[in-house]
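The values are calculated or read from the model by the stated rules, or taken from the named source; none is laboratory data. Just so it is clear, the model here is predicted, and its values are computed rather than measured. Here the Cβ is made from the backbone with ideal geometry for all residues, glycine too, and neighbour counts use every protein chain on show. Side chains included, ligands, DNA and RNA excluded: accessible areas come from the protein's heavy atoms. Shrake-Rupley method; radii C 1.70, N 1.55, O 1.52, S 1.80 Å.
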Amino acid sequence: MEEIEAQIERFIKEVDEHALKLYTKASKGKRLRAKLIIKIAGESESAYKLAAIVELIHAASLLHDDVIDDALTRRGSDSINALYGDKTAIMLGDILYSKGFMELVSYDREIAEAISAAVTNLSVGEMMDVNLSKSINLNQELYFEMIYKKTAVLIEATARSAAHLSGKDSEAFALYGKNLGLAFQIIDDVLDITMSDEQLGKPSLADFKEGKTTLPYIYLFESLNQQDTSTLNSLYKKELTLDEGQWIRAKMQESGAVLKSIELAQKLGYEALEAIEFDKNSDLERVMRDMIEREF
Ligand code: FPP
Ligand code: MG
């Protein structure tokens, strides 16, 4: 991974020293996409560079997302918009993704197209997320389209591109990436409900307060009686008291909404593992199992 970190920094330095200084202030994350590329395509110069490109684009999307969400922290540290303001965060994001695209053009058309199309979808997904957060959304199809575009599409394109780079079955790995992204987002939505503030490292039950009716909430609304439905409606976008938070958590458990969401994420995960079974790749298997077989 050091090669990839160094490559990211070289790319940014080629554009501008000041941008690199700013970038070093941003928190780095788990590098899931970069790891996926190396685990699929193996170690090579072109795999490192592709990994750096995808991480540049992903970092740009988070810089813009934190401006859109007015988020003052990212992974427990101050966000760039909190430190230097929205304008700087937007401009740094612009530098990162345009440099990513500049470097992407030297790859095969299949790869360049897959990643570019994913970033267009990412932007549509973000817009859907913002629009769906304006009022309660009970439409599962819209929820799945949104998380596919916002979260899964870039992971899918990343896995597809890594497979193409190394001459492997790109459809199988694309499915793995897609389902990894979908399962990741559903589990993220579950943990917002089941984990404490301490376990999450950020406030729990934040999604509903921010207007997001995630999958567990959609399932919960489907199962509640009239009185509980109106109680849940009254808590939408509200700063919750301890009792109200406990009420939501209890209903989520007793209705089976949380379990149903976890089971769907697991189904997607196992389907993905089946698709890449032929590759006998224990690293990719572990990545998925760690996510879907964890404690909730
Ligand atoms: C995080 O969502 C946001 C994304 C995964 C995608 C954001 C995409 C854009 C802003 C489109 C622009 C793209 C580029 C390349 C500039 P979240 O807010 O649900 O998650 P969080 O808790 O990590 O903030
Ligand atoms: Mg956000």
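Brief remarks on what is shown
- With only the Cα atoms considered, region 1-101 has a convex hull volume of 88 Å³ per residue.
- When only Cα pairs below 8 angstrom with a gap of at least 6 residues are kept, the chain shows a relative contact order of 16 percent.
- Hits among lysines - C-alpha to C-alpha of LYS168 under 17 Å, sequence gap 8 or more where chains match: LYS35, LYS39, LYS178, LYS280
- Between 0 and 90°, nearest 10: helix 257-275 axis offset from the chain longest Cα axis: 30 degrees
- Label reach from GLU110 (point 7 Å along Cα→C-beta): in region 30-59, amide nitrogens under 19 Å belong to 36-51, 54.
- Cβ charges +1 (Lys, Arg) and -1 (Asp, Glu), total dipole of the chain, debye: 240 debye
- Between HIS58, HIS164, HIS18, the Gaussian network model of the chain with springs among Cα atoms under 10 angstrom shows the greatest mean-square fluctuation at HIS18.
- For region 62-152, size of Cβ-based charge dipole, Lys and Arg +1, Asp and Glu -1, in debye: 100 debye
- Computed across region 148-239, the Kirkwood radius stands at 15.2 Å (inverse of mean 1/r, all Cα pairs).
- Mean residue ellipticity (222 nm) of the chain, computed from DSSP H runs ≥ 4 via -39,500 (n - 2.57), nearest 500: -23500 deg cm²/dmol
- Computed with a 1.4 Å probe over protein heavy atoms only, the accessible surface of the chain comes to 49 Å² per residue.
- Helix axis angle, 32-41 relative to the chain longest principal axis, alpha carbon, degrees: 50 degrees
- Cα-based helix-to-principal-axis angle, 242-254 vs the chain, degrees rounded to 10: 80 degrees
- For the chain, convex hull volume per residue from C-alpha positions, Å³: 125 Å³
- Centre separation in Å (Cα based) which lies between region 84-150 and region 202-240: 26 Å
- Computed over Cα pairs, the Kirkwood radius of region 30-164 leads via Stokes-Einstein (0.890 mPa s, 25 °C) to a diffusion coefficient of 157 µm² per second.
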